[in-house]
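Down below is the structure, laid out as structure tokens.
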Amino acid sequence: MTEHVTGTDWQSWQHSWDRQQEWYLPDREERFGVMLDMVEALVGTEPRVLDLACGTGTISDRLLKRFPKAESVGVDLDPALLAIAEGYFEGEDRVRFVRADLKDPRWTEALPHDSYDAVLTGNSL
């Protein structure tokens, strides 16, 4: 986990990132909704999800709001985006973040679990 600056408004950083991303993908929220509909249909409402190239944790945020018993592990390489994600989710035990390079064939060794019910990603891959 990265060190956080005391007093940082992580919710504002998260909101700012979401607004910036929506400029590029106006149907972004609908995509997230379809992803979560599929997760629910295939594995139910208590999934353990791997959020690849998670950025600031937007998919994990939608997942945890929709499914209160879900768990998410977000993976990203960008330390700035992970800092926002970790700050935003501070104190939330249903989500963890891992810094890993998905191009490294051993990136899965950094994961806290051996299996996941679903793997989700936004437009980063």
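Just flag the trypsin sites (Lys or Arg not before Pro) in segment 36-125 sitting in loop per DSSP whose Cβ has no more than 11 other Cβ atoms within 10 Å.
Lys69, Lys103, Arg106
In nm, to one decimal, how far is the modelled label at Ala80 from the one at Arg48, with both set 7 Å along Cα→Cβ?
Result: 3.4 nm between the two label points.
Taken together, the values in this text are just the output of simple stated rules run on the coordinates, not laboratory data. Just so it is clear, the structure is predicted and the values come from calculations on it, not from any experiment. So basically every Cβ, Gly included, is an ideal-geometry build from the backbone, and we count neighbours across all protein chains shown.
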